[in-house]
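Have a look at the structure below, then the notes.
Values quoted throughout were computed directly from the atomic coordinates according to the rules given, and no laboratory measurement underlies them. Only a predicted model underlies this, so the values are computations on that prediction, with no experimental measurement involved. Heads up, the Cβs are rebuilt from the backbone with ideal geometry, glycines too, and the neighbour counts pull from every protein chain shown.
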Amino acid sequence: MEIKSKKPIEVHVLSSVETNRVKWYHVNPDSKFPIYIHSLKCYNEKEFIYSIKTKIRDEGNLNEKELLMLSLLCFMETEKDIPEAIHDSATIMTNMPNLNNDVGQFVKGIILMLCDKFVDDELLNTRIVNKVGGNMKVVEDYADRVAERKINEKNEALVIKLRKKGFKIEEIAETADVSRDFVEKILTKVEA
């Protein structure tokens, strides 16, 4: 087996059921990597909301992890039922500035998915959807952009590697299955 990277594999999972702990995934008898499980039940919904509102008031922005956690508020330790907690997430998000970036739109999509799965009351469902002001197309578009960016990064690395091995532009384009323009653009940036 060829080892492609020396970096260790590490996986983090948010769970609404399990407590904090580590599980080991065995690839084969000689290879394994850790899966770190972080329980959402370890977070108190009231304390979390207070900290989020304070940060929004003082700084105006949340980081990606905080936004993700806000969308998963309904799985934290709370006295509310899941639909109410989803509504709380949506309400807090409507009062946040600068949520038009990809991560903000993605988190809105999570709330919409949770709303679709857990909110049976049509009136409440409509209120949440209207507050979030998005649709699943936004989530799909975000996922497509991330996938395209990853493919482009991989292709860029391949173009650079092939150039270092002495390949000509036409050979690189054919081998990497990309356009000549793509190759020229990358090489111009790298060789400048």
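Quick notes on this one:
- Entries of K23/K53; K23/K117; K165/K189; K80/K108; K154/K185; K41/K117 with Cα pairs more than 25 Å apart: K23/K53; K23/K117
- Cα-projected label distance for K154 with V11, points at 7 Å along beta-carbon direction, nm: 1.8 nm
- Most tightly packed first, judged by the mean number of other beta-carbon atoms within 10 Å of their residues, the peptides 45-57, 146-158 read 45-57, 146-158.
- Counted by Cβ distance under 15 Å from I172, the other residues give a net charge of +1, where Lys and Arg count +1 and Asp and Glu count -1.
- In summary, the aspartates and glutamates within cross-link reach of K164, defined as a Cα separation below 20 angstrom excluding same-chain residues under 8 places away, comprise E153, E156, E174, D177, D181, E184, E191.
- Computed extension gain for T91 through I35, at 0.36 nm per residue and net of the alpha carbon distance, reaches 16.9 nm.
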